[in-house]
Amino acid sequence: MEEKNSCCCVSDDCCEVPSSNPRENSDQSIMDPGVWAKANDSVLEDVKEYYGKQLQSTEDLVSGACCSLEKPPAEIRDTLPLIAEEIVARFYGCGSPLPPLLEGMTVLDLGCGTGRDVYIASKLVGESGCVIGVDMTSEQIEIARKYQEEQRERFGHKSSNVRFFKGYIEDLKAMGIEDNSIDVVISNCVINLSPNKEQVFREIYRVLKPGGELFFADVFADRRIPESLAADPVLRGECLSGTLYTEDFRRMMLASGWPDFRYTSIRELEIGNEEIEAKLGFATFTSRTIRAFKLDDLEDACEDYGQVAYYNGSIPGHPHYFDLDDHHRFLTGKPMLVCGNTASMLSNTRYRKAFKVFGCRSVHFGLFGGCSTEYSSESEANSCC
């Protein structure tokens, strides 16, 4: 995870500007939809129609679900003025899912749209890193690609370090994205749109390198949304009726290889549309940012091995403390007792340079104090608290 990364997860020239040959960049040449896509064709086509034709800017959204109120970190705020206006105008997202320590990394953005987060990540990973954007909507991918050379010049890069694929996030293998090839996967309010979410998480797990990070923002519900409403193209396009019930999400993550994940932020959404509220007012929706790591030693409960972690204050923009999640704030230089899962997240990922973890798993002291794998209405987390 520490070595410099060339963008070799797809092919040797994966960060070159896409071919101008329309057949090379057509739907068929890039992605064969496959059986799963054909089975969910109506949902996929509705989403393409909504984001490709119906929405022309954020002003066209009819609810507050696909809007972010979070103040982004300084490095992202400093980069935003460098992003082309058309890209920003057609950005739809509910968070700011770009973690720190991205320099030199290979980053994959699922549902990249017009490429706002791809280009921000392009600046953050630098010329030694690489960013790949995947989206199924032709109109958005065309805008993203249109600015590829202009953004390279704005960032002062000698060559472009981004590439965009038109395809489905449920089938990254069809785009040639290899096993264990990605350092960080990001996504901004997109997975809720997928008709096969568990397949998305399985694909993410497949492409991430050992120790790699999934960091994404999305909309969740406090109960299961009836299928009759899930089929409504407007409700789904507004990132509401396709949302996951939080407990089904926990079960899905476990089944896909993620026994532990962490919420870094939770914000209740205001729909702001009486017609939509009349249909979905029975449910509470939240925007959540999630951090998860591909680690083979994570357990489905937080176990106590007497381990202690110190943060050295070296993560850029976080000199005094670092929040791993919504219940782990590490103050610089102050020791903190951690469970076995947290110890692994800090010592077996790219964050290890910023932390020193003492202890191993040779002695077990039972469940970590205050932790539970059961649903908690107070913390709404599935990990140690």
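The values are calculated or read from the model by the stated rules, or taken from the named source; none is laboratory data. Quick caveat, the model's predicted, so the values are computed rather than measured. Using ideal geometry, Cβ is built from the backbone for each residue, glycine included, and neighbour counts are taken over all protein chains shown.
Which members of the range 265-290 meet the condition of being within 22 Å of the chain's Cα centre (by Cα) and aromatic (Phe, Trp, Tyr)?
Matches in the range 265-290: PHE285 only.
Sort out which residues of the range 202-233 are within 16 Å of ILE271 (Cα to Cα) and within 16 Å of the chain's Cα centre (by Cα), and write them in order of number.
Result: ASP218, VAL219, PHE220.
Against the condition assigned by TED's automatic domain parsing to the domain that holds PHE215, more than 27 Å from GLY369 (Cβ to Cβ) and within 22 Å of the chain's Cα centre (by Cα), how does TYR245 come out, does it pass?
In short, yes.
Can GLN140 be described as outside any strand (DSSP E or B), modelled with pLDDT under 95, over 17 Å from the mean Cα position of the chain (by Cα) and more than 26 Å from ARG350 (Cα to Cα)?
When the stated conditions are applied, GLN140 passes them.
Could you tell me whether ILE186 is in contact with a Phe, Trp or Tyr (Cβ under 7 Å, 6 or more places away or on another chain), at pLDDT 95 or above and farther than 18 Å from ASP296 by Cα?
It is true that ILE186 is in contact with a Phe, Trp or Tyr (Cβ under 7 Å, 6 or more places away or on another chain), at pLDDT 95 or above and farther than 18 Å from ASP296 by Cα.
Please go through (1) of a type outside the set (S, T, N, Q); (2) under 24 Å from LEU101 (Cβ atoms); (3) in contact with a Cys (Cβ under 8 Å, 6 or more places away or on another chain) for CYS239 and return the number of the only condition it doesn't satisfy.
Of the numbered conditions (1) of a type outside the set (S, T, N, Q); (2) under 24 Å from LEU101 (Cβ atoms); (3) in contact with a Cys (Cβ under 8 Å, 6 or more places away or on another chain), the odd one out for CYS239 is (2).
Looking only at the range 121-171, which residues are of a type in the set (Val, Ile, Thr) and either surrounded by 24 or more Cβ atoms within 10 Å (Cβ to Cβ) or in contact with a Pro (Cβ under 6 Å, 6 or more places away or on another chain) (or both)?
Result: VAL131, ILE132, VAL134, ILE141, VAL162, ILE169.
Which members of the range 155-188 meet the condition of being part of a loop (DSSP other than H, G, I, E, B) and touching a residue at least 60 places away in the same chain (Cβ under 8 Å)?
Matches in the range 155-188: SER159, SER160, ASN161, GLY167, TYR168, GLU170, ASP171, GLY176, ILE177, GLU178, SER181.
So, in the range 263-293, exactly how many residues are on the phi < 0 side of the Ramachandran plot and part of a loop (DSSP other than H, G, I, E, B)?
8
Identify the residue in the range 71-95 that is surrounded by 20 or more Cβ atoms within 10 Å (Cβ to Cβ) and within 20 Å of TYR263 (Cα to Cα) and, among all such residues, is modelled with the highest pLDDT.
The extreme case among them is GLY95.
Residues that are of a type in the set (S, T, N, Q) and not assigned by TED's automatic domain parsing to the domain that holds LEU214: does the range 288-303 have at least one?
Looking for residues that are of a type in the set (S, T, N, Q) and not assigned by TED's automatic domain parsing to the domain that holds LEU214, one finds none in the range 288-303, hence no.
For the range 294-341, enumerate the residues that are part of a strand (DSSP E or B) and more than 22 Å from SER362 (Cβ to Cβ).
TYR311, TYR321, PHE322, ASP323, LEU324, ASP325, HIS328, ARG329, PHE330, LEU331, THR332
Considering only the range 214-230, I want to know if a residue exists there that is charged (D, E, K, R), over 24 Å from VAL118 (Cβ atoms) and in a helix (DSSP H, G or I).
Checking the range 214-230: at least one residue is charged (D, E, K, R), over 24 Å from VAL118 (Cβ atoms) and in a helix (DSSP H, G or I).
Of the residues that make up the range 100-117, is at least one assigned to a helix (DSSP H, G or I) and either touching a residue at least 40 places away in the same chain (Cβ under 8 Å) or over 28 Å from GLU268 (Cα atoms) (or both)?
Yes.
Being crowded, with 20+ Cβ neighbours inside 10 Å, closer than 20 Å to MET345 by Cα, touching a helix residue (DSSP H, G or I) at 6+ places or on another chain (Cβ under 7 Å) and of a type in the set (A, V, I, L, M), is that true of even one residue in the range 233-245?
The answer is no; no qualifying residue exists.
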